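So the structure is just underneath, and the comments pick up after that.
The values are calculated or read from the model by the stated rules, or taken from the named source; none is laboratory data. As the structure is a computational prediction, the values presented were derived from the model and not from experiment. Cβ sites come from the backbone with ideal geometry, for glycine too, and all protein chains shown count toward neighbours. Areas reflect the complete protein model, heavy atoms only, side chains present, ligands, DNA and RNA absent. Shrake-Rupley method; radii C 1.70, N 1.55, O 1.52, S 1.80 Å.
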Amino acid sequence: MSDTLLQQLDDDGVLLLTLNRPRKKNAFNNEQWLAFRDALTAANTDPRVACVVITGAGSDFSSGVDLNDFADADGEHPFESSAKALVDFDKPVVSAARGVAVGGGATLLLHTDVVYVGSSLRLRFPFTALGLVPEWGSSYQLQAIIGARKAAELMYTSEWINADKAVEVGIATACFDDDELLEKAMAKAREIAHWSISSLVETKKLMRNVHRAAIHSAMGGEAEGMSRLAGTPENIEGVVAIMEKRPANFKQFRK
């Protein structure tokens with residue numbers, strides 16, 4: 001068990017998963033991707049678990065991928081199996097996100113069933129700003145949740161959105177003060193966990209099956225797009241610009 005992901009199962013059948021790298025804004029390193037995957041895989045067949053809550057330690061949900069070790073994996077990156085574990089998870093998932101939710105920290109939320117956000121939320125799908133493509137099936141899932149027009153605006157502009165807009169466009173279910181966010185999420189999860197697990201599983205399968213094939217197809221296309229764009233001059237400029245906290249200059253490549 002990794003200390004990058006804290007796990008706590010209560011008597012009501014609610015498993016609380018806490019992303020635990022607060023000094024890095026809970027950015028996923030390889031160890032945390034694997035811990036997240038293994039926790040979901042185990043919970044999927046654990047008869048004690050009826051519902052899962054995902055949150056972040058400290059003041060942020062997750063800043064996405066930790067770029068310091070993203071290229072260190074051999075073969076398939078653990079992100080891939082972690083993403084599939086959440087997409088194919090059969091039990092209800094509630095998320096409680098406050099502070100920063102960027103990249104994988106934002107697209108993760110699209111695969112949770114009830115999304116509660118704190119008033120401090122700052123969410124971004126930053127892929128065009130990085131010279132990349134969306135991931136985690138978000139090129140499909142965001143459109144399915146909020147509609148093609150709104151999804152296109154958010155994806156093309158890489159704009160930051162706050163908690164109120166996240167609720168307004170339909171990414172989030174509800175917004176609460178930061179100090180009561182986790183309590184509200186746990187209460188909703190316990191309300192869900194009160195019911196028959198087999199009924200919850202079959203209900204989620206019915207609701208998700210109409211989207212599952214499309215999400216997997218989107219993930220395949222995204223992987224191909226990512227392989228074409230990762231490491232290009234535009235991608236490097238986007239990453240360096242973010243690290244240097246300056247606007248990216250993509251016009252230099254339009255010659």
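Over segment 1-79, the alpha carbon radius of gyration divided by the compact-protein estimate 2.2 N^0.38 Å works out to 1.13.
Once backbone amide H atoms are built at 1.01 Å from N, Ala97 has Tyr116, Val117, Gly118 as its partners under 5 Å, excluding neighbours fewer than 5 places away on the same chain. For segment 149-242, the set of GluC sites (Glu not before Pro) satisfying both a DSSP loop assignment and a count of at most 16 other C-beta atoms within 10 Å is given as Glu159. Other residues with beta-carbon under 13 Å from the beta-carbon of Phe61 carry, at +1 per Lys or Arg and -1 per Asp or Glu, a net charge of +4. The antiparallel fraction among DSSP beta bridges confined to the chain stands at about 25%.
Annotation: amide H of Leu9 within the under-5 Å range of Leu16, sequence separation 5 or more or interchain, hydrogens built in the peptide plane. Under the criterion of Cα pairs below 8 Å and six or more residues apart, the relative contact order for segment 13-109 equals 39 percent. Over segment 109-255, accessible surface divided per residue gives 55 Å², non-protein components excluded, 1.4 Å probe. The value given for segment 196-255 is a Kirkwood hydrodynamic radius of 14.9 Å, derived from the mean inverse Cα-Cα separation. Only protein atoms count toward the accessible area here, which uses a 1.4 Å probe; on the chain, the carbon and sulfur part of that area reaches 53 percent. Structure shown: which of Lys25/Lys204; Lys24/Lys245; Lys25/Lys245; Lys24/Lys204 lie over 25 Å apart, alpha-carbon to alpha-carbon? Where the Cα-Cα span goes over 25 Å, the pairs concerned are Lys25/Lys204; Lys24/Lys204.
Projecting the Cα positions of Gly220, Gln141, Thr157 onto the charge dipole of the chain (unit charges on Cβ atoms of Lys, Arg, Asp and Glu, taken about the Cα centre) puts Thr157 furthest along the positive direction.
What the Cα atoms of the chain give is an Rg and a Dmax of 17.6, 62 Å. Rounded to the nearest 20 debye, the dipole size of segment 93-173 about its Cα centre is 100 debye, using +1 on the Cβ of Lys and Arg and -1 on the Cβ of Asp and Glu. Placing unit charges on the Cβ atoms only, positive for Lys and Arg and negative for Asp and Glu, gives the chain a dipole magnitude near 820 debye about its Cα centre. Counting only chymotrypsin sites (Phe, Trp or Tyr not before Pro) that DSSP places in a loop and that have at most 15 other Cβ atoms within 10 Å, the longest clean stretch of the chain runs over 1-194.
Taking Arg23, Arg212, Arg149 in turn, the Gaussian network model of the chain (Cα-Cα springs below 10 Å) assigns the largest fluctuation to Arg149. For Ala172, the amide hydrogen comes within under 5 Å of the amide hydrogens of Val167, counting only partners 5 or more places away or on other chains and with H modelled in the peptide plane.
Taking all protein chains together and rolling a 1.4 Å probe, Lys150 ends up with roughly 90 Å² accessible.
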